[in-house]
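Notes to accompany the following structure.
The values are calculated or read from the model by the stated rules, or taken from the named source; none is laboratory data. Bear in mind that the values here come from a model prediction, so they are computed numbers and not experimental data. FYI the Cβ positions are ideal-geometry reconstructions off the backbone, even for glycines, and counts take in every protein chain you see. The area values use the complete protein model at the heavy-atom level, side chains included, leaving out ligands, DNA and RNA. Shrake-Rupley method; radii C 1.70, N 1.55, O 1.52, S 1.80 Å.
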Amino acid sequence: MQTSFPPERLADPAMRASEAVIRKCVHCGFCTATCPTYVLLGDELDSPRGRIYLMKDMLENARTPTPEVVKHVDRCLSCLSCMTTCPSGVNYMHLVDHARTYIQNTYERPRSERWIRRLLAFVLPYSERFRWALTFAPLAKPLRPVLRRFNALRPLAAMLDLAPSHLPNPVSSQSTRLPGAKARVALLQGCAEPVLKPQFREAAVRLLNRLGHDVIFAPGEGCCGALVHHMGREADAQAAARRNVDAWTAEIEGKGLAAILVTASGCGTTIKDYGFLLRNDPAYAEKAARVSALAKDVTEYLVQIDLPAGEGRGLNVAYHPACSLQHGQKVTDAPKRLLTKAGYTVRTPAEAHLCCGSAGTYNILQSEIANQLGERKAAHLDALAPDVIATGNIGCATQIARFSGIPVVHTVELLDWATGGPKPATLRHLPQE
């Protein structure tokens, strides 16, 4: 795509990076067929190609974003399916992240939107705040019909829809050290996952310990920054990245790390991009790139260390590949290979490339589209008539469970169970053998 950015605009490193991305687009339109919002809405401006035109015009001409442009950029899930499809290597992720930052810095959203976005940024990335909010959410659930009557308050109703009726007990993050350990790995503590599904992390620790690995939780590490980054709050995302880079660098330079493992693939995509996020920070660029190089999804690591065969008990597993894993990290075969080797019968649904509609805060801020995608995804998974649905991301697990009556677990829970761990709590109804 031809561009005409003025030289003074290209003095900004972020603008130069976006201009380079835009120039790679050849207008082919392959991305439209795999874009969830285009598939649903049929609007060219809700496709990656259409959004690139909008973002190009806005950034190139230093335009104040219009409500129309903001609407279409906001509707993007950042599922990155377009990047898998694109034959020209367009890094749409970096472009849309920059556009969101530009919108955040130059556009005056309605007051209600500003308030809700600040609330999300204040609560979701912090486990204790998130737990506190969810503890009181059931008391407010009766207000949902009232909240839905007002467009400005619908995100609050969506938040209450997503809130569970009961929270699991919190699990402390305690590092494990084994005599004669084969390797030492760090495991991301995260923010939402340990509150909603602490069993995911417990299963990962058990499995890694059985495989002879020390598992450590780096002091000072916190939210990866993905949630705020996708809302255009770049400074907040960079602060989160710096904090985590400091925490993991201390471990790398101390006793060393074989890998930094992640059980929430949405976080993994962001951590693997820390090198780009902090590329212009001379104090952090090199350290961030080192952290990104060490970051791996837990299944990506397990397939490399040759997980032993397991007893899958003849269960039929519908595997949902999270967008952040298959498109963001290009990890596609490892989870299925591991589950198959563990003795499960693994099937993938129709339209496996399309997003389930979770996408961080998307199912709060764009709940109508998210619900349509969630129902569509659940229908394809249910059509397989599986015993269980497996996925590798907390957002996907939460979203799919809303629309399907089939139990949803993390891939690592099934791997843990098949190789000697306890049965996942959500599968108590199944026979042990």
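Cβ-Cβ contacts under 6 Å between residues 6 or more apart (or on different chains), taken from a first residue in the stretch 57-84 that is on the phi > 0 side of the Ramachandran plot to a second residue that is outside any helix (DSSP H, G or I), are listed as Ser78/His230. Would you be able to say whether some residue in the stretch 267-281 is polar (S, T, N, Q), under 20 Å from Val205 (Cβ atoms) and in a helix (DSSP H, G or I)? No, because not a single residue in the stretch 267-281 is polar (S, T, N, Q), under 20 Å from Val205 (Cβ atoms) and in a helix (DSSP H, G or I). Taking the stretch 383-425 as the range and being surrounded by fewer than 17 Cβ atoms within 10 Å (Cβ to Cβ) and part of a helix (DSSP H, G or I) as the test, only Ala425 passes. Checking each residue in the stretch 203-259 for being open to solvent by 20 Å² or more (accessible area, probe 1.4 Å), assigned to a helix (DSSP H, G or I) and touching a Phe, Trp or Tyr at 6+ places or on another chain (Cβ under 8 Å) picks out only Arg242.
Annotation note: of Ala237, Ala289, Ala258, the sole residue that is within 17 Å of the chain's Cα centre (by Cα), at pLDDT 95 or above and at negative phi is Ala237.
Being within 16 Å of Met231 (Cβ to Cβ), part of a helix (DSSP H, G or I) and either open to solvent by less than 60 Å² (accessible area, probe 1.4 Å) or β-branched (Val, Ile, Thr) (or both) narrows it down to one of Pro138, Pro125, Pro155, so name that one.
Details: Pro138 fails: within 16 Å of Met231 (Cβ to Cβ); Pro125 fails: part of a helix (DSSP H, G or I).
Pro155 is the lone residue from the list that is within 16 Å of Met231 (Cβ to Cβ), part of a helix (DSSP H, G or I) and either open to solvent by less than 60 Å² (accessible area, probe 1.4 Å) or β-branched (Val, Ile, Thr) (or both).
In summary, Met93 fulfils each of the numbered conditions (1) open to solvent by 50 Å² or more (accessible area, probe 1.4 Å); (2) at pLDDT 95 or above with the single exception of condition (1).
Restricted to helices (runs of 4 or more DSSP H) entirely inside the stretch 8-66, those with at least 1 residues that are in contact with a Leu (Cβ under 6 Å, 6 or more places away or on another chain) and of a type in the set (Val, Ile, Thr) are 13-24. Condition check for Ala186 on (1) of a type outside the set (D, E, K, R); (2) part of a helix (DSSP H, G or I); (3) more than 13 Å from Thr398 (Cβ to Cβ); (4) open to solvent by less than 40 Å² (accessible area, probe 1.4 Å): one failure, at (2).
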